[in-house]
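Notes to accompany the following structure.
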Amino acid sequence: MMATKRKTRGAYMISAVAEMYEIHPQTLRLYEREGLLRPSRSDGNTRLYTDEDLERLEFILNLARDLGVNIAGIAIVLQMRERMEEMNRQMQGFVDYVRTEMLSRMQQQQEPGAGLVPLRRPVIVPVKVPVKAGKKK
């Protein structure tokens with residue numbers, strides 16, 4: 001992946017970003033038109049790129065420059081990446097839920113007399129064996 005070219009945190013104007021990544025500002029505008037980048041806007045309607053926007057731009061440039069992926073392909077890769085991240089969040093939520101449930105049930109089982117299936121104390125009833133009298137051989 002491309003090395004990070006920024007050192008501070010903040011928002012960057014289109015000219016600074018274009019210079020940092022050695023691309024034409026029109027390329028950044030194209031990426032925005034195609035929905036690949038979504039920079040915020042200042043009160044004067046100037047595009048402002050955040051650190052997250054720059055990370056996304058680095059990923060896009062890696063796909064385009066290093067792997068030769070076209071804009072349509074980049075859009076598909078980004079969409080699939082977002083879907084995978086959402087699925088990962090959902091799976092993490094499910095794992096957290098299962099962990100919480102297991103811990104709760106384990107704590108319940110440690111309480112005296114508690115369990116998933118209630119048990120009754122066994123009652124032992126003595127059985128009398130009849131003695132047979134008078135049997136001769």
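With respect to being at pLDDT below 95 and surrounded by 10 or more Cβ atoms within 10 Å (Cβ to Cβ), residue 111 falls outside the description. Figure legend. Inter-residue proximity from the range 40-68: first residues in contact (Cβ under 8 Å) with a residue 60 or more places away in the chain, second residues open to solvent by 50 Å² or more (accessible area, probe 1.4 Å) and in a loop (DSSP other than H, G, I, E, B), beta-carbon distance below 7 Å, spacing 6+ or different chains. Indicated pairs: 62/1.
Between 116, 103, the distinction of being under 33 Å from the mean Cα position of the chain (by Cα) and modelled with pLDDT under 75 belongs to 116 only.
The values are calculated or read from the model by the stated rules, or taken from the named source; none is laboratory data. Since this is a predicted model, take the numbers as computed values, not measurements. Don't worry about glycine lacking a Cβ; one is built from the backbone with ideal geometry, like all the others, and counts go over all protein chains shown. Side chains are part of the model used for accessible areas, which takes the heavy atoms of the whole protein and leaves out ligands, DNA and RNA. Shrake-Rupley method; radii C 1.70, N 1.55, O 1.52, S 1.80 Å.
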